[in-house]
Amino acid sequence: MKAHDFEYQEALTEGVKVKWLSSIVSVGEGEVVIEQMELDESGFPQPTGRMETLTADTVILALGEQADTSFLRSLPKIALRDDGSIAVDEHFMTGEPGIFAGGDATPGERSVTVAAGHGKAAARSIDRWLNDTTTAARAKHPVVTYDMLRLPMYSDVQQQNERATALDDRLSGFKETVIGFTENEARYEAQRCLSCGNCFECDQCVAACPEQAVVKLGPGLRFRYDYAACTGCAVCFEACPCSAIEMVAEPKATA
Ligand SMILES: Cc1cc2nc3c(=O)[nH]c(=O)nc-3n(C[C@H](O)[C@H](O)[C@H](O)COP(=O)(O)OP(=O)(O)OC[C@H]3O[C@@H](n4cnc5c(N)ncnc54)[C@H](O)[C@@H]3O)c2cc1C
Ligand code: SF4
Ligand code: SF4
């Protein structure tokens, strides 16, 4: 299976023995038979017929997890795909109005980031559905690419190493092996975020505007533009490190 190099190193540190290119042929009473594989010219493992028997009291298969959605089969409006995943529309709603799904239970890439994103998007959809089923989804910001960032404006925060549980503790239980950050450490680490396209209230635009046309609305509430005072000079746009500001043409006056 694929793994990051650091995960492989952690496994070795914990005394895990890795048997490369081995495929389980059978699992019996107290033993596992594996077959040695060889990579073919295209890099795919092929069987060799060379077998090896390993003693084992427990076999843990840690691949190919999928959500158990069988309990939904009795709900005819909720469509399940062949792999058991739940079909949803672009608002994460199933065929049953008012029932939403996301994350591993739905088709697509299965990762924490994707699941968290589905949760956020689905929460918005649920809110819209509960309040006004006809409201359209909020338009997305244009994608901000690396060349649109003003990098010198950011602080140069170095990546920190997370603390790991002592080896003895790792081997004697199921505690988290990587302990994570304290709140202060996490906040420091988060300063490396470039916040591409999303205002993080750095106030550069407020300081830069020669007309005081950028009005602060308070922490978390961002800003209002006083268009009566704004001359369209684009200084705020130039000052914004993360390209959160767009310059758009004024609508043409109608006769
Ligand atoms: C071994 C392994 C390693 C992984 N490593 C990574 C990684 O390094 N990075 C990464 O991004 N992703 C990783 N993933 C994938 C990641 O864990 C999942 O994509 C993510 O947790 C999905 O989140 P979720 O909220 O959709 O589902 P889950 O986190 O599975 O949450 C579903 C919850 O629903 C509960 N539940 C299930 N059925 C019912 C029911 N009938 N009634 C009530 N509750 C129920 C479950 O108990 C569970 O708490 C890994 C997965 C595995 C298995
Ligand atoms: S365009 Fe110029 S005047 Fe208008 S808000 Fe930005 S900096 Fe201020
Ligand atoms: S719009 Fe840009 S410059 Fe203004 S506060 Fe937000 S991130 Fe900073």
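Structure summary
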quantity: Any pair with Cβ under 7 angstrom, 6 or more apart, that starts in region 213-239 at a residue that is under 24 Å from CYS196 (Cβ atoms) and open to solvent by less than 40 Å² (accessible area, probe 1.4 Å) and ends at one that is in a loop (DSSP other than H, G, I, E, B) and among the β-branched types (Val, Ile, Thr); calculated: CYS236/ILE245
quantity: Qualifying position, being more than 30 Å from ALA79 (Cβ to Cβ) and open to solvent by 50 Å² or more (accessible area, probe 1.4 Å), among ARG138, ARG192, ARG110; calculated: ARG192
quantity: Filtered residue count, region 190-212, keeping only those that are in contact (Cβ under 8 Å) with a residue 24 or more places away in the chain, within 14 Å of ligand 3 (Cβ to nearest atom) and assigned to a loop (DSSP other than H, G, I, E, B); calculated: 10
quantity: Residue within region 148-156 that is touching a Ser or Thr at 6+ places or on another chain (Cβ under 9 Å), part of a loop (DSSP other than H, G, I, E, B) and within 16 Å of ligand 2 (Cβ to nearest atom) present; calculated: yes
quantity: All positions within region 153-185 that are over 26 Å from ALA239 (Cα atoms), exposed (fewer than 12 other Cβ atoms within 10 Å of the Cβ) and small (Gly, Ala, Ser); calculated: ALA166, SER172, GLY173, GLY180
quantity: Number of positions in region 121-134 that are open to solvent by 60 Å² or more (accessible area, probe 1.4 Å) and either within 16 Å of ligand 2 (Cβ to nearest atom) or closer than 23 Å to GLN66 by Cβ (or both); calculated: 0
quantity: Residue within region 229-249 that is in contact with a Pro (Cβ under 9 Å, 6 or more places away or on another chain), within 14 Å of ligand 3 (Cβ to nearest atom), closer than 21 Å to SER155 by Cβ and not in a loop (DSSP other than H, G, I, E, B) present; calculated: no
quantity: All positions within region 42-69 that are open to solvent by 100 Å² or more (accessible area, probe 1.4 Å) and in a loop (DSSP other than H, G, I, E, B); calculated: PHE44, ASP57, ILE60, LEU61, LEU63, GLU65, GLN66, ASP68
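The values are calculated or read from the model by the stated rules, or taken from the named source; none is laboratory data. Everything numeric here is computed off the predicted structure, so don't read it as measured data. No Cβ is skipped: glycine too gets one built from the backbone with ideal geometry, and neighbour counts run over all protein chains shown. Quick note on the areas: whole protein, heavy atoms, side chains included, nothing else; ligands and nucleic acids left out. Shrake-Rupley method; radii C 1.70, N 1.55, O 1.52, S 1.80 Å.
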